[in-house]
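Report on the following structure.
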Amino acid sequence: MSAQKQSPDTDRHALAEAVRKACLKAALDGYERAGMSGLCEEGRWEMVVDSLQSLDVDAIVRTLAADAHAGTAGSGK
Amino acid sequence: MTDSVKNDERTEANEAQIAVHWKEEKYIEPPKSFVEQAILNDPGVRKRFDEKHFPDCFREYADMLTWFKPYTKVLDTSHPPFWKWFTGGKLNACYNCVDRHLDKYRNKAALIFVSEPEDDVPYAMTYQELYVRVNEMAALLKDYCGLKAGDRVTLHLPMTLDLPITMLACARLGVIHSQVFAGFSGQSCGQRIQDSGSHYLITIDAYWRSGKLLDHKANADIAVKTAEAAGQHVDKVLIWQRYPGKYSAKTPLVKGRDVFVNDVLKDYKGKRVEPAHMDAEAPLFLMYSSGTTGKPKGCQHRTGGYLAYVAGTSKWIQDIHPEDTYWCMADIGWITGHSYIVYGPLALAATSVIYEGTPTYPDVGRPWRIAERLGVNIFHTSPTAVRALRRLGENVPKMGPQKFKHMTTVGEPIEPKAWHWYFDQIGKGKAVIVDTWWQTENGGFLCSTIPALDKMKPGSAGPALPGIYPVILDDNGKELPKGSGIAGNMCIRNPWPGIIQTIWGDDQRFIDTYYRRFCKYPKSKDWRDWPYMSGDGAVDAPDGYYRILGRIDDVINVSGHRLGTKELENACLTVPEVSEAAVVPVVDEIRGKVPEVYVSVPASVTDRAAVAKKVIKACEDIIGKIARPSKVHVVPDMPKTRSGKIMRRVLASISNKRDIGDVTTLANPEVVEKIRVQVQGK
């Protein structure tokens, strides 16, 4: 059975929210991991930038698509 | 207020203004039990390493190594600032870390590997086994890959035994290894492959991190693609297997390019390779540093000086005896791991622990269980880890049976509150703490207490190490009086054996980054004219203890883009009405830190809100939206010293609502209160 159809604006908003969430997680994880490893402030920033650059956007799209299929898009799940 | 405009850009800045307000803490004596067993307990060491005895004093470090051919000169300064250490000498780093220990410590653990899955039993690799494995890998690199001394190889390996084995195998041949932190992306790895000119990438299929077996091979494909796009061809990708004989990644192999190390190694079983007799100045490895500003810098470390320095500081500052079990929680992918997990401890025949995973996985008690199981008595970690462990399990270590004699911190200053928790709860008041300051470019510690000789002072790194002569310079290169307590540029007046040789392939950048600013006589061959600029700010307290304040290079990180405050100020100065401009970092509870701009305008300018808008537009137009200031304060005048320098520290204190301190020596102290009222209200 197909998922409930959503407006393009809702889809775009869900995508933007998902990207924001993923960016925040990547940045915070990178910053923490570098700090735990004994890096200075500059090195920690380098790690954050690298984490954002290498963010797996395909995974975000896949997750959203799966959520949409399951009818949970935009629900925050 | 009409002259203040806000925005929502996330920003970041240095920590200087925060750290400088820590109050001076009381001294704490090193525990007697530690002092009694310490390697370095002769107070005469500082005299032996004073300027009168420089550079010959560093023979003491060089003498900790085994040389195939003795050096003829300690320091050659004929081509500043390209110092040469222990010239004429020949040695091999791998031989010093492995072979020479076999007679006495053949069956002692060199490395103990702790896998992240807790059910896996830790694996202790003896010096004999390390010798065998390193030789076989060296034979593979030499005969299968055709690598020879001076070639570069990029490693993208996590914290498993494969990493030190590969590093030491390279060192045995004189091949220059360039290890990229495993947490870095394939793109970052590819950039470093290209810059170093590596034709080989050595990686692993997978590794554990926070309970997941990560597919690391995928990064290798991206790295090769990135390097190739930049013009660097990669001949082969050698892949270690996390579980030998089993491929643990989903990413398929590339036929003709990818090979499993374990498969090829079968052909080299039992092979031995003579350690190459390397010149003391031969590069040992590259360690890339700081790529946020553009191209990462390949810090090129030499063999003799570097190894001597890390052996000496491991012995004297970390007090590593061969009988100790030493655990540094840093990652070998950074300089701390190179110097103080691999080269330093192994040069001393220590037992060094390598932990694969996240320290807080599966729970905050993991580090203490590892320490207890392995009998770790020297523990080395970062203030971030200390804070995280404290936050997640305030009382956990107190209940554990760990018995540390010595604890180190590295990476950033540790604030007194965290220091006391580390001392009381983790060390149980019986372990000495050394708070170290140094950088990737330095090879090893530059400031720290000598643990058995100096009292500890929370929040301070301590005095300079023996043979290191720091100086704090103001922005004009003038030396600040010792013990003045005034913040300035932390510089080292003299060369030392651990300093990098250059930036790989870019001698000019090496000079420009570390020496140009404060070298008054560029033609001078006297090392005294070539102070090393660390780029960090520091305060030298009256007792000679240095408090490191973080970067002082006038750079603010805005969403990961590092912007010079000078760039921002210059943009502000393009607005015709603006006479002067100053940019300061401001702590923001929600967003971390934000830059604020102060501009002064002549009294004839009455529409200050219009000026503020023009300033914002100038920053956005000239640098980009990323540089939009958080607030613009249009003020009648700037607080200045009598020599006319704008006191940004005072402005930062006003913006951060902190104690402004003594301003009576300023040329115009009356303006400070006016600005304070304008910014903070009455």
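The values are calculated or read from the model by the stated rules, or taken from the named source; none is laboratory data. Owing to the predicted nature of the structure, the values given are computational and were not obtained by experimental measurement. Please note: Cβ atoms are built from the backbone with ideal geometry, for glycine as well, and neighbour counts cover all protein chains shown. Remember, those area values only see protein heavy atoms, side chains included, never the ligands or the DNA or RNA. Shrake-Rupley method; radii C 1.70, N 1.55, O 1.52, S 1.80 Å.
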To the nearest 10 degrees, how steep is helix B:127-139 against the longest Cα principal axis of chain B, on a 0 to 90 scale?
90
Of B:P595, B:T381, B:L111, which is farthest towards the positive pole of chain B's charge dipole, taken about the Cα centre with +1 and -1 on the beta-carbons of Lys, Arg and Asp, Glu respectively?
B:L111
Fraction of antiparallel bridges per DSSP, chain B only, in percent to nearest 5:
60
Hey, got the dipole for the protein assembly as shown? About the Cα centre, +1 on K and R Cβ, -1 on D and E Cβ, debye to the nearest 20?
300
Euclidean distance between Cα centres, segment B:508-531 to segment B:298-338, Å:
27
Can you list the HN-Hα couplings for segment B:252-257, worked out from phi with the Karplus curve (6.51, -1.76, 1.60; θ = phi - 60°), rounded to whole Hz and with x for Gly and Pro?
x, 6, 9, 4, x, 10
Using alpha carbon centroids, what distance separates segment B:169-237 and segment A:3-72, in Å?
24
Lys and Arg at +1, Asp and Glu at -1: add these up for the other residues within a Cβ distance under 12 Å of B:Q318 and post the number.
0
Signed unit charges on C-beta, dipole axis of chain B, positive-most listed residue B:P495, B:T154, B:V132
B:V132
Over the whole of A:45-57, what's the average partner chain Cβ count within 10 Å per residue? Rounded to a whole number, please.
6
Helix B:383-392 versus the longest principal axis of chain B: what is the Cα-based angle in degrees, 0 to 90, to the nearest 10?
90
Amide H within-cut-off set for B:D324, under 5 Å, with H built and near neighbours excluded
B:T351
If you average the alpha carbon positions of segment B:346-421 and of segment B:33-88, how far apart do those two centres end up, in angstrom?
31
For B:R517, what residues show an amide H to amide H distance below 5 Å, using hydrogens built from the backbone and excluding near sequence neighbours?
none
Counting helices only, and only those DSSP H runs with n ≥ 4, report the 222 nm mean residue ellipticity of chain B as the sum of -39,500 (n - 2.57) divided by its residues, in deg cm²/dmol to the nearest 500.
-7000 deg cm²/dmol
Which of the GluC sites (Glu not before Pro) found in segment B:370-446 are in a DSSP loop and have at most 12 neighbouring Cβ atoms, other than their own, within 10 Å?
B:E394
Rank these by accessible area, largest first, 1.4 Å probe: B:E281, B:E479.
B:E479, B:E281
Taking Cα atoms, the helix B:608-622 axis meets the longest principal axis of chain B at an angle in degrees (rounded to 10) of 30
Considering only the protein assembly as shown, percent of DSSP beta bridges that pair antiparallel, nearest 5
60
Determine ³J(HN,Hα), in whole Hz, for all residues of segment B:526-538 in sequence, where each value follows from phi through the Karplus function 6.51 cos²θ - 1.76 cosθ + 1.60 and θ = phi - 60°; x replaces Gly and Pro.
8, 4, 5, 8, 10, x, 7, 8, 6, x, 9, x, 7
When we measure straight from the Cα of B:K428, which lysines land under 28 angstrom away, once same-chain ones fewer than 8 places off are left out?
B:K23, B:K26, B:K32, B:K315, B:K398, B:K403, B:K405, B:K417, B:K455, B:K457
Considering only segment B:191-345, percent of DSSP beta bridges that pair antiparallel, nearest 5
60
List, in the order given, every pair from B:K108/B:K236; B:K69/B:K108; B:K295/B:K613; B:K297/B:K478; B:K212/B:K255 whose Cα-Cα distance in the structure shown is over 32 Å.
B:K108/B:K236; B:K295/B:K613
Residue by residue through segment B:571-583, the couplings from Karplus 6.51 cos²θ - 1.76 cosθ + 1.60 with θ = phi - 60°, in Hz, x for Gly and Pro, are 5, 4, 6, 6, 6, x, 6, 7, 8, 9, 9, 9, 10
